[in-house]
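A short write-up of the structure that comes next.
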Amino acid sequence: MIVYSIAETASVASTINFDLGALKNGFWGLTIEGLTYGSIYALVAVGYTLVYGVLRLINFAHSEVFMLGMFGQYIGLLLLGFTPSGNTYSEGTFMTIIYLLLAGLCGMAVSGSAAVGLEFVAYRPLRKRKAKPLAFLITAIGMSFVLQEFVHYVLPKLPIDPPLGGSSAQPTIRLVQPVKEFSIFGAPVYNLTLIIIISALILAMGTDYMINRTRLGRGIQSVAQDPDAALLMGVSRERIIMITFLIGGVLAGAAALLYTLRVPTNIVYYGGFILGIKAFCAAVLGGIGNVRGALLGGLLLGVMENYGSVVLGNQWKDVVAFVLLILVLMFRPTGILGEKLGKARV
Amino acid sequence: MNSSAAKDPNAPKPRGIGDAIRTWWNGLPRVMQWLVGVPAIIVIGLLPVVNPPIITTTATDFGVVMATFAMTALIAIGLNVVVGQTGLLDLGYVGFYAVGAYVVALMTSPASPLWNSTNHGIFSGPWAWLACVPLAIVITGITGVILGTPTLRVRGDYLAIVTLGFGEIVRLLADNLSDVTNGASGLQAVLFPEVGQNDAHPDGVFSSANNAGVLNYGVWWYWLGIVLVILVLIIIGNLERSRVGRSWVAIREDEDAAEIMGVPTFKYKLWAFVIGAGIGGLSGAVYAGQVQYVDPKAFTVINSMLFLCAVVLGGQGNKLGVIAGAFLIVYLPARVQGIEVGGQSLSEFKYLFFGIALVVLMIFRPQGLFPARARLVTFGRRIYGAVKRAPAATTPHGEEASA
């Protein structure tokens, strides 16, 4: 064995371009784009955060619930008579909104039932046997495999026309063409951006209202805080858990519709994975178990990773998200707003 | 003394086949343990040479599958230190594996920036791979310190997510630092131990060019893997019986209680992390040498989860159990490959069945196939029994039996 000295170190160059000018030039455009993705992350994050708040469980299969939502709204559009051509349909504003709502309903139905089914098949038997948290995690991973592989291999074998699933992305149905509506500080705002941010905000605020103001929300909070005491007070824990999964699933379905509006070419069996992890990051970032935290974390993550993708180069977009997560957890281990769902209001 | 322990109603009853084997093994004298253990290892080592009819994989070479198994067994043992022994949920273990593999690749691959045409890599020659292995272990250990120092203060699920993020960061760095790691195209022609050269195998028996016949490169890597696994098992076994191992179990059972009883939990968690990382680096180095090619695709989060599944499937905290788990996750998908049922290739559904198996197993046997004996709980029960019996010891035996 011969040990040589390092002769040619000059060839080792970094591929990080530190470009603050691009951030300065495109600041508002980047912010708006970041908010668009961020609001989608936020909607998925609410699903993670609610389930974690109530069950102390990272529902790793939630990204697959989101992925099924993408397929659900796609099937909805197919049932409405759209054919996947890749071209944009011109249906008029009113009809487009109706179609979007119907497709969204299909996505929400698929996602919601997938989430509830997941709870029923995978988590409920474990709860009955009082399993350890790690068992729940492994089950979640297992269900994640099952759902992905179902869409990957089983779905294309079913006699459905046009075929669904498989290893390549579904042919695109493009319902809304991005049209510039107005400008903020010189940054164009597209109709898609408006649809995504406004509907995400409405849904997130509605969920927040429901958690904090309604009887059902108080039930969820009580189970999160102390399941036994809640049971003594007449709250059905199983019912609350089911509803929690349902809410998370429905929001993931809505997020799936919004995401496919923005990125219509990504309906594929692994399409939920990275987005799911990022949404979970968003939930942790804001303080897991905290619905407002999930919203804040999602928006923050979307914006920060968009800035990072310009400053450091687009290939570092995901790295920014994870580094941000590690930094926040180092200095605030319970997230920005802290855990809340399980805490009593005094 | 022994006879009274056997009758002790508080003594834990042997449960399942794992405990039965363990009791039998611990009951054997040292000489018998050698006499039984060595032939057993030789039989296991000869499996890919003999190619037993039902066990042998059809689509892939059995030796290569077994080599992959040996490597995964190393990973499972390392991850078991972190997850099974210490109870730290690490979802980014593949990051350490990647670091180990990339250290070897960067030191020896012609595609690496450290390589030049006159001197070749930093290391070259027949023993270059071996020289890289300690380096890989040390560097991954340092990576473990770098990741562990800031993050081991967060607990439970948060730690899981932070480590998941770490694993992804390592993969993305490997993918994107294209001037160093050659990006997605990876580093080719990684060196391997060049021993046993002859006319038939000009690059030695460990070269992937040695692919024909019974003694192909897979078998050689498998044997090397077995040696490494046994070495690591001896080291880890000694650690487990030491103060360090007892601290790990104490942290796993109740971190707060351990801290209050004077166990420096952070220090021992960091130890677990570093030792686990080092073993991950070792297996990464074995991987890099075996496939002679390293690219980011091998280090996804999915693989990390698979490694975790090996540990949980086998039984966390049980070293031989996690080796069995590693065998299952490597062997079963390879076994069904190439088998067709009703015109339908089974290998397509391997992860579907794998996922279902995980769920079913967790529901019906959450401790894994070979659960670890809860050593501390056992001792605790014995102490409880001893304390309770202490006053009764002065009274006649008949009374104690009636009580």
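Largest GNM mean-square fluctuation across A:Gly302, A:Gly206, A:Gly276, computed for chain A with C-alpha springs under 10 Å, falls on A:Gly206.
In summary, the helical segments of chain A meeting the span-like criteria, namely a full DSSP H run, a Cα extent along the axis of 27 angstrom or more and a mean Kyte-Doolittle hydropathy of at least 1.6, are A:93-118. Beyond 32 Å, the tail of the calculated P(r) for the range B:62-300 holds 23 percent of the Cα pairs.
Can you give me the C-alpha center-to-center distance between the range B:73-90 and the range B:158-191, rounded to a whole angstrom? Cα centroid of the range B:73-90 versus Cα centroid of the range B:158-191: 21 Å apart. In chain A, excluding the sites themselves, the longest stretch lacking any of the chymotrypsin sites (Phe, Trp or Tyr not before Pro) that are in a DSSP loop with at most 10 other Cβ atoms within 10 Å is A:19-184.
Can you pull a Stokes-Einstein diffusion coefficient for the range B:63-197 at 10 °C (1.306 mPa s), Rh from Kirkwood over Cα pairs, as a whole number of µm²/s?
The diffusion coefficient I find is 98 µm²/s.
In the protein assembly as shown, the DSSP-assigned H stretches of four residues or longer account for a calculated mean residue ellipticity at 222 nm of -21000 deg cm²/dmol, using -39500 (n - 2.57) per stretch and the full residue count as denominator.
Residues whose amide H lies under 5 Å from that of A:Ile336, counting only those 5 or more places away or on a different chain, are A:Gly286, A:Gly287; hydrogens are built 1.01 Å from N in the peptide plane.
Send over a whole-number figure in Å² for the accessible area per residue of the range A:20-331, probe 1.4 Å.
Counting only protein heavy atoms, the per-residue value for the range A:20-331 is 40 Å².
The Cα center of the range A:68-86 and the Cα center of the range A:243-262 differ in position by 16 Å. Considering only Cα atoms, the convex hull volume of chain A works out to 204 Å³ per residue. Shown for the protein assembly as shown is the translational diffusion coefficient from the Stokes-Einstein equation, using the Kirkwood radius over Cα pairs, a temperature of 37 °C and a viscosity of 0.692 mPa s: 117 µm²/s.
To put it simply, the accessible area of the protein assembly as shown at a 1.4 Å probe is 67 percent carbon and sulfur. Shown in residue order for the range B:251-261 are the 3J(HN,Hα) couplings computed by the Karplus curve 6.51 cos²θ - 1.76 cosθ + 1.60 at θ = phi - 60°: 5, 5, 6, 7, 5, 5, 4, 4, 4, 5, 7 Hz (x for Gly and Pro). Checking the Cα-Cα distances for A:Lys278/B:Lys350; A:Lys278/A:Lys317; A:Lys132/B:Lys269; A:Lys317/B:Lys297; A:Lys132/B:Lys319 against a 23 Å cut-off, the pairs over it are A:Lys278/B:Lys350. Looking at the range A:257-346, the trypsin sites (Lys or Arg not before Pro) that sit in a DSSP loop and have at most 13 other Cβ atoms within 10 Å of their own Cβ are A:Arg345. Residues considered: A:Val176, A:Val284, A:Val54. Largest GNM mean-square fluctuation over chain A, using C-alpha springs under 10 Å, is found at A:Val176.
The values are calculated or read from the model by the stated rules, or taken from the named source; none is laboratory data. Worth saying up front: this structure is predicted, and the values here are computed from it rather than measured. Because the Cβ atoms are built from the backbone with ideal geometry, glycine has one as well, and the counts that use them run over all protein chains shown. Ligands, DNA and RNA are excluded from the accessible area calculation, which covers all protein heavy atoms including side chains. Shrake-Rupley method; radii C 1.70, N 1.55, O 1.52, S 1.80 Å.
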